[in-house]
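**Student:** The structure that follows is given in the form of structure tokens.
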């Protein structure tokens, strides 16, 4: 009887601490399944936050409060807005009928949106959830895999309020954070294509 109990506990612990990758061709299903779970894993620690980087996604570099990631030919650009998190900044988003994909997200008491638009034959992914944003410019056949990776990353972001509070006492930190509006879609703010070209081209940005 004791062996059965121990085995049951081990199964529970192992399954509870593992991010299980799902295979699906449906973006809505990817979002609903992954974001509905309370994933507690992490293997990356930033300034005031931590998150889980899925297998196959490699950390490349950090620039201020942005991180550059890479997976299977695609670069992901992650920004975590600890200021908006600390002050619980609200945002609004209207779904766009002319976008390739557009959805307002409100799952697990956390909000965001996923918007995908075609840009010169490629697809610009803008994914906001839980005060973090991931952007990527990818080929059409890579959209679902990139959305899958991004959903895992965004679903596991956890903030450290005590660390953030200490950082807020630094005026330099505040000034840097106020320059970037994480929630604004690129169609309403700076142009992502122009941004990455300034840093060395579509396929590679030198940080």
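The values are calculated or read from the model by the stated rules, or taken from the named source; none is laboratory data. These figures come from a predicted structure and were not determined experimentally. Heads up, the Cβs are rebuilt from the backbone with ideal geometry, glycines too, and the neighbour counts pull from every protein chain shown.
**Student:** Do you know which of the residues in the range 100-112 that are without any contact (Cβ under 8 Å) to a residue 60 or more places away in the chain and within 17 Å of residue 153 (Cβ to Cβ) is surrounded by the most Cβ atoms within 10 Å (Cβ to Cβ)?
**Tutor:** At the first step, the residues of the range 100-112 found to be without any contact (Cβ under 8 Å) to a residue 60 or more places away in the chain are 100, 102, 104, 106, 109, 111-112.
Now narrow it down to the ones that are within 17 Å of residue 153 (Cβ to Cβ): 111-112.
Working: 111: 18, 112: 23.
Ranking the qualifying residues of the range 100-112, first place goes to 112.
**Student:** Within the range 13-27, is there a residue that is under 30 Å from residue 166 (Cα atoms), modelled with pLDDT of 85 or more and in contact with a helix residue (DSSP H, G or I) (Cβ under 7 Å, 6 or more places away or on another chain)?
**Tutor:** Scanning the range 13-27 turns up no residue that is under 30 Å from residue 166 (Cα atoms), modelled with pLDDT of 85 or more and in contact with a helix residue (DSSP H, G or I) (Cβ under 7 Å, 6 or more places away or on another chain).
Each row is one residue, and each column tells you yes or no for (1) under 19 Å from the mean Cα position of the chain (by Cα); (2) at pLDDT 60 or above; (3) crowded, with 20+ Cβ neighbours inside 10 Å.
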residue	(1), (2), (3)
119	no, yes, no
124	yes, yes, yes
131	yes, yes, yes
152	yes, yes, yes
163	no, yes, no
174	no, no, no
194	no, no, no
198	no, no, no
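**Student:** Still on this structure: Residue 68: touching a residue at least 24 places away in the same chain (Cβ under 8 Å) and part of a strand (DSSP E or B), yes or no? Spell out the reasoning first.
**Tutor:** Values: touching a residue at least 24 places away in the same chain (Cβ under 8 Å): yes; part of a strand (DSSP E or B): yes.
Yes: the conditions hold for residue 68.
**Student:** Additional query: Would you pick out the residues in the range 36-57 that are touching a strand residue (DSSP E or B) at 6+ places or on another chain (Cβ under 7 Å), over 18 Å from residue 136 (Cβ atoms) and not in a loop (DSSP other than H, G, I, E, B)?
**Tutor:** Result: 49, 50.
**Student:** Another one. Out of everything in the range 40-49 that is within 14 Å of the chain's Cα centre (by Cα) and within 9 Å of residue 157 (Cα to Cα), what residue ends up being surrounded by the fewest Cβ atoms within 10 Å (Cβ to Cβ)?
**Tutor:** 42
**Student:** Going by what's in this entry, would residue 83 be described as more than 15 Å from the chain's Cα centre (by Cα), in a helix (DSSP H, G or I) and in contact (Cβ under 8 Å) with a residue 60 or more places away in the chain?
**Tutor:** Values: more than 15 Å from the chain's Cα centre (by Cα): yes; in a helix (DSSP H, G or I): yes; in contact (Cβ under 8 Å) with a residue 60 or more places away in the chain: yes.
When the stated conditions are applied, residue 83 passes them.
**Student:** Here's a follow-up. If I ask for residues that are farther than 24 Å from residue 156 by Cβ and in contact (Cβ under 8 Å) with a residue 24 or more places away in the chain, which ones from the range 117-138 would you list?
**Tutor:** Of everything in the range 117-138, those that are farther than 24 Å from residue 156 by Cβ and in contact (Cβ under 8 Å) with a residue 24 or more places away in the chain turn out to be 117, 119, 120, 122.
**Student:** Being surrounded by fewer than 19 Cβ atoms within 10 Å (Cβ to Cβ), touching a strand residue (DSSP E or B) at 6+ places or on another chain (Cβ under 9 Å), under 15 Å from residue 129 (Cβ atoms) and touching a residue at least 40 places away in the same chain (Cβ under 8 Å): is that true of residue 60 here?
**Tutor:** no
**Student:** Additional query: Quick one: how many residues across the range 63-91 are out of contact with any helix residue (DSSP H, G or I) (no Cβ under 9 Å at 6 or more places or on another chain) and more than 16 Å from residue 130 (Cβ to Cβ)?
**Tutor:** The number of residues fulfilling the criteria is 4.
**Student:** Let me ask you something else. Which of the following residues is modelled with pLDDT under 90 and loosely packed, with under 13 Cβ neighbours inside 10 Å: 90, 95?
**Tutor:** Only one candidate qualifies: 90.
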